[in-house]
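A.B. asks: I have a structure I would like to understand better, so I am pasting it below and will then ask my questions one at a time.
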Amino acid sequence: FLVDLFKNYDCDFDRSDLTVSIIKILCRLSLSDSTLFTTEIVPPLCMDGLSNFLESIYSRVRFANKNGITLKDILAINDPLLIQQNKKTDFIDCTEKWNEKPKLGLKLLNEKGFIKNLNDSNEVATFLLEKSGRIDKKILGEVIAKPENKELLISFVNLFDFRNLRVDEAMRMLLNNFRLPGESQQIERIMDVFCDRYLECQENSNNDDDDIIK
């Protein structure tokens with residue numbers, strides 16, 4: 001069960017690390033003081049689950065040793081799942097650094113290969129939009145609203161298609177990915193770019209309708 005969870009969740013970029021979470025929960029509920037907030041039967045069951053998990057790890061390692069496979073050999077195996085899981089770990093570390101210090105986070109994302117060219121505002125904007133679920137939306141709003149990041153802001157907003165949407169619908173779509181900063185000048189910058197993009201989309205929508213009529 002835990003192996004399947006690891007393969008389908010912990011090694012998937014878009015899913016949470018369920019294996020780690022479940023093991024942490026089992027450890028917490030296995031303690032004797034957990035009976036203060038749960039039934040008496042829960043701690044033994046959780047301890048039994050942990051024991052079975054550790055026993056399965058021991059059995060696998062023992063089987064590998066019998067066949068002349070060392071732990072170093074296992075870690076050196078270029079298994080796609082392990083490579084993906086390691087890449088996911090690197091990505092989480094990068095995004096956590098970005099949430100603390102965006103400039104250092106972007107540099108680290110570039111070093112790890114998640115962003116190829118930091119000077120390409122379209123690539124950076126696409127990354128921030130696609131991974132907006134993993135980065136701090138408040139920090140994202142503050143970053144794209146800075147005067148020196150005007151090009152990034154334009155590239156970010158231009159990724160949205162506001163055709164055939166009311167203004168409030170388009171605004172809701174945009175703000176679903178970041179939070180407006182608190183300063184009025186920053187909000188004004190975002191709104192100016194949003195208005196330009198919204199009008200552009202409506203013009204394109206009208207042109208499409210004219211083509212259909214013709």
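The values are calculated or read from the model by the stated rules, or taken from the named source; none is laboratory data. The shown structure was predicted, so the numbers you read here are calculated from the model rather than taken from an experiment. Cβ coordinates were reconstructed from backbone atoms using ideal geometry, including for glycine residues, and neighbour counts include every protein chain displayed. Ligands, DNA and RNA are stripped out before the accessible areas are found, and what is left, the full protein with its side chains, is counted by its heavy atoms. Shrake-Rupley method; radii C 1.70, N 1.55, O 1.52, S 1.80 Å.
A.B. asks: When a/c is below 1.5 the answer is rounded, else prolate if a/b is larger than b/c, else oblate, so apply that to the stretch 93-152 with a ≥ b ≥ c taken from the square roots of the Cα gyration tensor eigenvalues. Walk me through the numbers before you get to the answer.
C.D. replies: Working: a/c = 1.43, a/b = 1.08, b/c = 1.33.
Verdict is rounded for the stretch 93-152.
A.B. asks: Work out from phi, with θ = phi - 60° and the Karplus expression 6.51 cos²θ - 1.76 cosθ + 1.60, the ³J(HN,Hα) of each residue of the stretch 131-141, listed in order in whole Hz, and give x for Gly and Pro.
C.D. replies: After applying 6.51 cos²θ - 1.76 cosθ + 1.60, I find 9, 4, x, 10, 10, 5, 5, 5, 5, 4, x Hz.
A.B. asks: Then there is this: Given the pairs Lys7/Lys88; Lys88/Lys112; Lys7/Lys116; Lys87/Lys112, which span a C-alpha to C-alpha distance of over 20 angstrom in this model? Write out the running numbers ahead of the final one.
C.D. replies: Numbers: Lys7/Lys88 13 Å; Lys88/Lys112 11 Å; Lys7/Lys116 27 Å; Lys87/Lys112 9 Å.
In this structure, Lys7/Lys116 lie more than 20 Å apart at Cα.
A.B. asks: Report the accessible area of Glu200, computed with a 1.4 Å probe over the heavy atoms of all protein chains in place, in Å² rounded to the nearest 10.
C.D. replies: Approximately 80 Å² for this residue.
A.B. asks: In Å, what Kirkwood hydrodynamic radius results for the stretch 100-214 from the alpha-carbon pair distances?
C.D. replies: 15.1
A.B. asks: Would you please put 50-62, 159-171 in order of how densely packed they are, using the mean number of other Cβ atoms within 10 angstrom per residue and starting with the highest?
C.D. replies: Top to bottom by mean Cβ count within 10 Å: 159-171, 50-62.
A.B. asks: Take the eigenvalues of the Cα gyration tensor for the chain, scale each by 5, and report the square roots as semi-axes in whole Å, largest first.
C.D. replies: After scaling each eigenvalue by five and taking roots: 46, 22, 18 Å.
A.B. asks: Same structure, new question: Suppose a student asked you for the relative contact order of the stretch 59-214, using Cα pairs under 8 Å spaced at least 6 residues apart; what percent would you report?
C.D. replies: Relative contact order comes out at 17 percent.
A.B. asks: Over the chain, with the other protein chains present, what is the accessible area per residue in square angstrom, probe 1.4 angstrom? Show your work: numbers first, answer last.
C.D. replies: Values: 14260 Å² over 214 residues.
So the chain comes to 67 Å² accessible per residue, rounded to a whole number.
A.B. asks: Carbon and sulfur together cover what percent of the accessible area of the chain at a 1.4 Å probe radius?
C.D. replies: 53
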